[in-house]
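Report on the structure given below.
Laboratory data are not the source of any read-out in this text; all were calculated from the coordinates shown. Keep in mind that what you see is a predicted model, and the values were worked out from it rather than measured. Please note: Cβ atoms are built from the backbone with ideal geometry, for glycine as well, and neighbour counts cover all protein chains shown.
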Amino acid sequence: MSGSGAPSFSEARAEGLRVIVVASSWHDVVMGGLVDSAVRTLEAMGADYEVIRVPGAFELPVVAKLAAASADAVVALGVVIRGGTPHFEYVCQAATDGLSRVAIDTGVPVGFGLLTCDNDEQAIARAGFPDSSEDKGREAVEAAVATALTLRAMTPKGSVGFSS
């Protein structure tokens, strides 16, 4: 299991943090699990949050960038299932590169909850359902919140993000 040895930040408190979840709309069942798990985690942490839906994984970075302008952290959730064409690689690479760029360019952490799976069964196993082996919605929230808290502790009061 790829989640083996992962740190847990479930005790992190997010009061005073604004977190925007940007979630794709493809694969209703899997996305339902990811979004529900992310929302449960944010509520348990006490975060102020909003969920914004986009058509697919390719659209995550552009909306995440705009979301970063008004958030302490962004959580990007999506799923891409491998098909018989190179489309899978193009979408996965573009979304991954774009989300990395959003975090680096804005200084706002982006929790990476993009599932890139060979089939539906792998995606369901990672979607945070009661019988799933992993919970990538929760993990993406925990990573984004923990990083936002680290940045907040490191940033002098009144200073936000990175200067260009």
Kindly provide the set of residues from the range 129-143 that are closer than 10 Å to Gly33 by Cβ and of a type in the set (Lys, Arg), ordered by number. Lys136
Among the residues listed as Asp135, Asp72, Asp120, Asp105, the single one being among the charged types (D, E, K, R) and closer than 16 Å to Ala14 by Cα: Asp72
When residues of the range 37-70 are limited to those that are of a type in the set (Ser, Thr, Tyr) and either in contact with a strand residue (DSSP E or B) (Cβ under 8 Å, 6 or more places away or on another chain) or free of Cβ contacts under 8 Å to residues at least 40 places away in the same chain (or both), the one surrounded by the most Cβ atoms within 10 Å (Cβ to Cβ): Ser37
For the range 71-111, which residues satisfy the criterion of being buried (at least 16 other Cβ atoms within 10 Å of the Cβ), out of contact with any helix residue (DSSP H, G or I) (no Cβ under 6 Å at 6 or more places or on another chain) and without any contact (Cβ under 8 Å) to a residue 40 or more places away in the chain? Phe88, Cys92, Thr96, Ala103
Matching residues, the range 69-103, being in a loop (DSSP other than H, G, I, E, B) and closer than 23 Å to Ala146 by Cβ: Ala69, Ser70, Ala71, Asp72
Hey, can you tell me all the residues within the range 10-31 that are in contact (Cβ under 8 Å) with a residue 24 or more places away in the chain, out of contact with any Gly (no Cβ under 8 Å at 6 or more places or on another chain) and part of a helix (DSSP H, G or I)? Val29, Val30
